[in-house]
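Here's the structure, in structure tokens; my notes come after.
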Amino acid sequence: MTTSTAAVLGLVAMAVVSLGAGLFARRWARTTSDFMVAARAVPPRVNAAAISGEYLSAASFLGIAGLVMQFGYDVLWYPVCYAGGYLLLLLFIAGPLRRFGAYTIPDFAEGRFDSPRFRRLAVALVLVIGFFYALPQMKAAGLTVETASGLPYGVGIGIVAVVVVAGVVGGGMRGITFVQSLQFAVKLFAISVPAFLLLIHFSGTGVPFARGAGGLARLTTTTNFQVTRGELWQIPAATKVHVSRPADLRWQRQAPTASSGAPAAGFEGGTGPKGRVNASRANRLHLEGVGLVPKGTITWESSDLVTVARGQPAPFGSQTPASTTSAWMGPFGPLAGGTGHPLLFTYSLIMAILLGTIGLPHILVRFYTNPDAKASRRTALLVLVLLGAFYVWPPIFGALGRSYDPSLYGSNLTDAVVLILPSQLGAGWLGQTLSAIVAAGAFAAFTSTLSGLLVSLGGALGHDVYGRWLRPASGPTARRRAFQLSALGAGLAAGALGLLVERFDISVLVGWAFAIAASSFFPLLVLGIWWRRLTTLGASVGVALGGGIATCSIITTMVATVSTPLAAFLAHHSNLAVVLAQPAIVTVPIAFGCMVGISLLRPSPSAGVSAKMVQLHAPELLGLRREYIPD
């Protein structure tokens with residue numbers, strides 16, 4: 001993998017700026033309220049940028065582009081539902097929760113239902129969702145540092161964990177709010193300007209140009225090359241290819257079938273001094289070096305310039321990249337259609353992302369950082385504008401990567417297309433500058449979201465576990481220290497878990513966190529706010545079943561990636577495999593059904609429910625809000 005000095009400098013610069021800004025803001029972080037809700041003194045513009053910076057995670061900056069490149073138009077559901085889910089959150093949830101005064105979802109669970117036991121269940125799910133959502137941020141951290149510098153995946157996770165934990169422990173919510181607003185500006189600039197310049201560049205060239213070994217190449221006659229083990233060449237149709245090589249080089253040809261674009265049942269291959277391939281339908285030529293192979297020669301017989309890609313297949317014989325099939329540009333393509341149940345998969349994905357946004361614990365906290373309801377409404381409007389301005393660009397990167405850097409398919413680096421594509425502009429100052437910019441933007445993406453997650457996890461552990469269960473008589477100073485230690489522990493745990501998810505796509509990991517949130521907290525918030533007859537028993541059973549089944553389903557899918565018997569079983573039960581991989585379409589109705597059914601069969605509304613409903617929906621000026629965060 002090639003490394004870029006400019007990209008490394010971009011990472012270092014962003015790390016220094018983020019850490020420095022967080023430590024600078026530490027001077028204003030003294031009380032418990034400062035650490036958890038920024039003393040409710042953040043102006044709308046700053047808070048809108050901070051919310052956008054926290055919400056636009058690694059899945060938005062890197063994951064969407066990678067999945068668009070890999071699977072096509074189906075992935076556009078991700079940005080649409082990210083933005084749409086946030087709109088639903090603003091319309092139906094954020095205002096009532098702010099008027100109620102609950103700082104966290106566990107605060108709401110106990111305050112609405114007068115049940116400390118229900119609060120403990122809510123805390124457990126906050127931790128589950130928080131750690132699941134931290135996984136894609138850690139994956140992005142390892143991938144970005146590895147792509148830019150060549151350092152091992154785990155080293156990148158360690159570096160980012162240190163930077164983020166230092167910022168959160170040092171400045172809390174008040175410190176990271178300033179940092180996140182700065183990071184949003186960096187992300188928007190880093191995704192829009194390179195994409196715009198790449199569009200201009202490629203529209204002028206018409207065809208890609210050489211990027212060096214392992215990248216793209218334009219060949220007309222004869223090219224000498226150094227063969228590496230397991231090298232893959234993707235060859236355009238109607239091209240005759242002559243391969244001469246030493247006797248210790250083996251080769252295979254893989255051609256897609258006419259119907260589905262999947263590989264043919266067998267491969268033509270052989271060994272020896274000569275070989276010939278007629279590339280009739282976007283063939284893939286696999287050259288496997290046995291031992292040290294000094295060089296070989298490939299001759300292309302074509303009247304036009306030929307563009308090929310070379311890279312490392314993982315493994316060779318897998319499905320032909322989606323970019324070589326028409327399914328990439330159609331609905332229910334490789335992402336949904338590959339399961340055999342495209343409608344089921346698509347609807348479940350939509351439900352998970354659209355409804356899961358409402359149940360993300362770290363997003364709801366941000367609405368307590370505004371000084372009043374009017375400032376919150378202005379913040380909400382600005383956030384929608386900023387999200388719309390950002391989500392235009394990641395799909396453009398994915399489409400450009402499909403056309404101009406197909407080597408990323410063979411090397412399994414589609415998630416890094418935003419980081420790698422700017423190098424297509426060459427080794428001059430412009431390409432190096434853009435590489436540094438996108439690296440800094442990627443760093444801002446996963447660190448800003450991870451900072452918010454650590455505040456949420458630290459709040460759950462310090463505010464709930466320590467402050468309410470272990471040491472309920474503790475003072476503000478002790479609770480602030482508990483928050484800091486909890487954030488430190490959560491960061492270390494998230495880093496350790498991030499080492500286990502290197503093989504998963506970033507947006508897939510995010511979709512799992514959203515599915516758990518949609519199956520547990522979304523029904524609780526909607527019914528708890530808008531239906532006065534919801535009972536404690538109904539709410540707790542619905543949350544436990546919905547969140548528990550979703551979590552177990554996703555863990556089963558993750559285990560199947562390393563368990564051959566389980567993978568074989570799911571391969572023969574594709575409908576079950578879809579539900580396990582995207583459980584929201586089943587678990588959300590289960591949660592709602594349990595809450596409504598149990599509440600109607602065993603009606604026992606909590607005491608003072610009418611007053612609580614007034615507290616949720618009456619104007620904030622009446623001063624009915626309960627303060628859960630002491631100064």
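Brief remarks follow.
- Screening residue 101 with (1) modelled with pLDDT of 85 or more; (2) within 30 Å of residue 548 (Cα to Cα); (3) surrounded by fewer than 24 Cβ atoms within 10 Å (Cβ to Cβ) gives one miss only, at (1).
- The requirement of being surrounded by fewer than 16 Cβ atoms within 10 Å (Cβ to Cβ) and outside any helix (DSSP H, G or I) is not satisfied by residue 501.
- Candidate set from the range 563-574 (those that are surrounded by 13 or more Cβ atoms within 10 Å (Cβ to Cβ) and small (Gly, Ala, Ser)); member that is nearest to residue 514 (Cα to Cα): 574
- Only one entry of 84, 66, 130, 111 meets the criterion of being out of contact with any Leu (no Cβ under 9 Å at 6 or more places or on another chain), of a type outside the set (Val, Ile, Thr) and part of a helix (DSSP H, G or I), and that entry is 111.
- Residue within the range 541-552 that is crowded, with 19+ Cβ neighbours inside 10 Å, in the same structural domain as residue 503 (by TED's automatic domain parsing) and touching a Gly at 6+ places or on another chain (Cβ under 6 Å) present: no
- Of the residues 126, 163, 168, the single one that is modelled with pLDDT of 85 or more and either more than 15 Å from residue 492 (Cβ to Cβ) or in the same structural domain as residue 550 (by TED's automatic domain parsing) (or both) is 126.
- Residue in the range 433-440 that is assigned by TED's automatic domain parsing to the domain that holds residue 144, surrounded by 24 or more Cβ atoms within 10 Å (Cβ to Cβ), closer than 17 Å to residue 52 by Cα and at pLDDT 80 or above present: yes
- One residue from 478, 482 being more than 24 Å from the chain's Cα centre (by Cα), within 20 Å of residue 126 (Cβ to Cβ) and among the small types (Gly, Ala, Ser): 482
- Residue list for the range 613-628, filter: in a loop (DSSP other than H, G, I, E, B) and either at pLDDT 85 or above or out of contact with any Gly (no Cβ under 9 Å at 6 or more places or on another chain) (or both): 618, 619, 623
- Output for the range 593-612, where each listed residue is modelled with pLDDT of 90 or more and either out of contact with any Phe, Trp or Tyr (no Cβ under 9 Å at 6 or more places or on another chain) or of a type in the set (Gly, Ala, Ser) (or both): 593, 594, 597, 598, 599, 600, 601
- Criterion (out of contact with any Lys or Arg (no Cβ under 8 Å at 6 or more places or on another chain), touching a residue at least 60 places away in the same chain (Cβ under 8 Å), buried (at least 19 other Cβ atoms within 10 Å of the Cβ) and more than 21 Å from residue 359 (Cβ to Cβ)) met by exactly one of 584, 577, 591, 560: 577
- Any hit, the range 111-127, residues being within 15 Å of residue 363 (Cα to Cα) and surrounded by fewer than 23 Cβ atoms within 10 Å (Cβ to Cβ): yes
The values are calculated or read from the model by the stated rules, or taken from the named source; none is laboratory data. Predicted, not measured: the structure shown is a model, and the values here were computed from it. Using ideal geometry, Cβ is built from the backbone for each residue, glycine included, and neighbour counts are taken over all protein chains shown.
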